[in-house]
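Worksheet: one structure, shown below.
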Amino acid sequence: MEANILIVDDEEVVIKSCERILKPEGYSVRGTTSARDAMEILKNGGTDVVITDLKMPDVDGLELIHWIRDNTPQTAVVVITGYPSQESIKDALEHGIVDYLPKPFSPELLIDVAEKAVNAAKARVTEERSFEEQDVEAQIDRIMEIINENRHKPGALIPILEQVQEVLGYLPPAVQRIIAKELNIPVSEVHGVVSFYSFFTMKPKGKHNIRVCLGTACYVKRAQEILQKLKEKLGIEEGGITEDRKFSLETVRCLGACGLAPVVMVGSNVHAGVDPVKVEEILKQYD
Ligand code: FES
């Protein structure tokens, strides 16, 4: 099966043995001993699966997993660990790892898990493509109108991105590719601008976007518990969107309404003095 696999482990010997086992299976395998290097490799795209150690000296595997979830969510992750603690495995599983390999592992187990991860990565790409492409397709006339209205203006890229985000609610790679092609600039330039400015987002928003304030005034009044309850009720993590695309969930530092803490906003509605046990009642108000 064709796929690109990246092995991240501070022990060279682990990288070498993974390469020895996986290459004959038809995979293209590369390795790095540093999670920071892994992030650089992943930014260039094309990696289907990351097989990473959890304990590493500079950036550890969990941090890498969190980074992947936020930046290249289509990449499937497998964890290799010598001392799996319940907590670290639980955290890794919550962040969507496909499986984990306890050290030492047999070649058969590595091949099995790699195959499972490659299948998961391919399924994610298909899912994401159709999701994004449907969004872009539905608004393609408006997107082209925005591009045409701005293309000859100096510094056209940012106003185009702003207006397209207003239309789509986010800037998926599919629309970044269209903008790059139309402006005759590299996709990496568009991607660089989208990633640099915090007001641009590559994540889709639900019909109702929920923002939980985690600023100090809200934090001391159990905002974390509210967030936890919302995650449980919606079955999504921070930055996620429900399958029916009804709700998305994000956190903010301060909503400027500290006197009303703890505060949750759903779309433009402010919910003040929220009691964590009552989050379900709030969700019921939205259809
Ligand atoms: S800290 Fe939550 S509104 Fe200011």
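The values are calculated or read from the model by the stated rules, or taken from the named source; none is laboratory data. This is a predicted model, so every value here is computed, not measured. We place every Cβ from the backbone using ideal geometry, glycine too, and count neighbours over all the protein chains shown. Quick note on the areas: whole protein, heavy atoms, side chains included, nothing else; ligands and nucleic acids left out. Shrake-Rupley method; radii C 1.70, N 1.55, O 1.52, S 1.80 Å.
For this structure, a couple of remarks:
- Residue, nearest to His191 (Cα to Cα), within segment 157-173, restricted to residues that are part of a helix (DSSP H, G or I) and open to solvent by less than 10 Å² (accessible area, probe 1.4 Å): Leu161
- Residue in segment 214-233 that is nearest to the ligand (Cβ to nearest atom), counting only those that are of a type in the set (A, V, I, L, M) and over 16 Å from Val277 (Cβ atoms): Ala217
- Every condition in (1) farther than 30 Å from Gln176 by Cβ; (2) open to solvent by 30 Å² or more (accessible area, probe 1.4 Å) holds for Ile282 except the one numbered (2).
- Single unsatisfied condition, Ala272 versus (1) hydrophobic (A, V, I, L, M, F, W, C); (2) within 27 Å of Asp135 (Cα to Cα); (3) surrounded by fewer than 14 Cβ atoms within 10 Å (Cβ to Cβ): (2)
- Taken over segment 253-266, the criterion of being more than 7 Å from the ligand (Cβ to nearest atom) and at pLDDT below 90 is satisfied by Arg253 alone.
- Pick from segment 15-51, criterion under 27 Å from Val187 (Cα atoms) and of a type in the set (Asp, Glu), ranking: modelled with the lowest pLDDT: Glu40
- Counting only strands (runs of 3 or more DSSP E) wholly contained in segment 1-67, the ones carrying 1 or more residues that are within 20 Å of the chain's Cα centre (by Cα) occupy 4-8, 49-53.
- Within segment 31-67, being surrounded by fewer than 16 Cβ atoms within 10 Å (Cβ to Cβ) and closer than 23 Å to Arg124 by Cβ holds for Glu40, Lys43, Asn44, Gly45, Gly46, Glu63, His66.
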